[in-house]
Structure formats: C-alpha cells, structure tokens
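Presented below is the structure to which this report refers.
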Amino acid sequence: MDSDLSPQDRKDLDKFVKFFALKAVQVIVQARLGDKICTRSSSSPTGSDWFNLAIKDIPEVTQEAKKALSGQLPAVGRSMCVEISLKTSEGDSMELEIWCLEMNEKCDRDIKVSYTVYNRLSLLLKSLLAVTRVTPAYRLSRKQGHEYVILYRIYFGDVQLLGLKEGFQAVRVGTVGTPIGTLTLTCAYRTNLAFMSTR
C-alpha cells in the first residue's frame, strides 16, 4: 500500500503520527483536569512545540500514552482510544467519552508528507483543543472535587461504546489524508449524565 513512499517520507509520516497521537492524548486528558488553561503565544517556537502548539506535557500522561502505544501506531484495523470516565466518592463509575484515532484504507498518494500532512495534523490538533471543551464532560470536569473525579484510560483495539449507554452522540473532529490511509479523529460521548440507582 505504501510502496510509492520513500523511506524518508515513511519515517517522517510515522514520526508525525506518533507525536500527533501523543499530543492528542495530552490535549484530551488536560481538558478533563478541570483547570482553565492559559497559554502565551511564542514568536519563536522551539522544536519541541510539535504542530505549532505549545502544550506542556504532563509526564505521567506521556508515560501512560507511550505505554499504551508500546511501539505501535494507529493503523488500518488498529485504533487508539482514550476513554474518559467519572468515579464518585461512593465508588460508582460511568463512562463519559471515547476519543478514537483510527486509519482507513483511503489513501492520498499525491500528498506531501513533510508539509501538507504535518500542517493538516496541526489544524486537527487545534480542532481537538476546541472540541474537547464543548462536550458535556468538560463542564463536569470543571466541577470535579470531593464528590467525583474524572479518570482516563488509553487502549488500542476496537472502540468500546457499550459503556456510553443509549442515546450517545458522536462527532468527527476531523480527518487527514496520508499516502498510507486517512486518519480520522472522532469522539463518542454520553448525553444522559444522570446515574441510574442500582442500590
């Protein structure tokens, strides 16, 4: 499928997808910490400002993301998912969102990896930054405290939507075509936030 891709382009593409996945996890998790984030723009960004977005990485989140990636990248049939859940002080829990980065087989063979794919991933990350702040879980995360906390889990494999229950909504954050397939970032989120009493 990627026979027309030069070794350097393949290396760059893998690097871009890896760092996009790591930064996407940071954006999602940091949006669920409950803190307002205020970042200053930089007129001279450093090489560590991937995708022209200065997001300070939380080391524990990076470690969890790298452990989940464990050398693999999102690919056709291999999705990376970030599950956001709520846990109460009584021990009840409820899944709130599933963010999914997946790839399908639709290729854009003429696209330039070093410029176009990188810039489109940058735009997708900025879109993600905005979308993470409009789902119901963001409002819940701003109110977390003694009564409940927001948790996250990163996994590879099939998207597990059963925990969101009936009536969940899905939104496509965006897509980026590459020479080896199209990356798609989606979010499925619970709309009914009321706990059902099981006691």
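We did not get these values from a lab; they are worked out from the coordinates using the rules stated. Only a predicted model underlies this, so the values are computations on that prediction, with no experimental measurement involved. Reconstructed Cβ throughout: ideal geometry from the backbone, glycine too, with neighbour counts over all protein chains shown.
One table, with the values for the structure above:
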read-out	value
Translational diffusion of region 49-93, µm² s⁻¹ [Kirkwood Rh, Cα pairs; Stokes-Einstein; 37 °C; 0.692 mPa s]	244 µm²/s
Counted charge near GLU64, where neighbours are those whose Cβ lies closer than 13 Å (Asp, Glu -1; Lys, Arg +1)	0
Two-site FRET efficiency, ASN119 against LYS67, from Cβ-Cβ distance with R₀ of 30 Å, rounded to 0.05	0.55
Kirkwood Rh, angstrom, region 71-144 [1 / mean 1/r, Cα pairs]	15.2 Å
Convex hull of Cα atoms in region 70-196, direction-averaged projection (nm²)	8.8 nm²
VAL149/LYS36 FRET efficiency (R0 25 Å; Cβ-Cβ; nearest 0.05)	0.90
Calculated over region 135-192: convex hull of Cα atoms, volume per residue (Å³)	119 Å³
Set LYS18/LYS112; LYS67/LYS112; LYS66/LYS112; LYS18/LYS67 screened for pairs whose C-alpha atoms are more than 24 Å apart	LYS67/LYS112; LYS66/LYS112
Residues ARG139 and LYS56, FRET efficiency given R0 of 30 Å [Cβ-Cβ distance, rounded to 0.05]	0.80
Residue-count net charge about THR116 - beta-carbon cut-off 15 Å; Lys, Arg +1, Asp, Glu -1	-1
